[in-house]
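Single-structure report; data block below.
Any read-out appearing in this document is the output of simple, stated calculations on the displayed coordinates, not a laboratory observation. Owing to the predicted nature of the structure, the values given are computational and were not obtained by experimental measurement. Positions of Cβ are generated from backbone atoms using ideal geometry, with glycine treated the same way; all protein chains shown enter the neighbour counts.
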């Protein structure tokens, strides 16, 4: 069972450590859904958040050998939501153009299209890949 922890300092938010396996995507989506519902975010923002966390976690699973990823969801002072997924790799993510018949390779393009911005922060131990969803006026319940 995954337990979400609230941020003790900094922006309001939640974190959860999940095994870095495909099956963890459903837990990550549920965490995003529950947190955004608690914050009164509308269904469009929640839909974007679920897709973004799925794609970020899928990249960690596919491109790193990380045993555990940390999923973070933070609410910024302007109402924006930042979703991040950590891994232990120092390889940086980059957008690529997938062939029309390719079965993969579009994840970061989805993230870029559904967020106002995305990126990564590198650390000695690895990186956090993140995306920001803007909660514009009228998008909160």
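In table form, for the structure just shown:
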| item | result |
| --- | --- |
| Relative packing of 14-27, 75-88, which averages over residues the other C-beta atoms within 10 Å, highest first | 75-88, 14-27 |
| Fewest-first ranking of 70, 96, 127, using other Cβ atoms within 10 Å as the exposure measure | 96, 70, 127 |
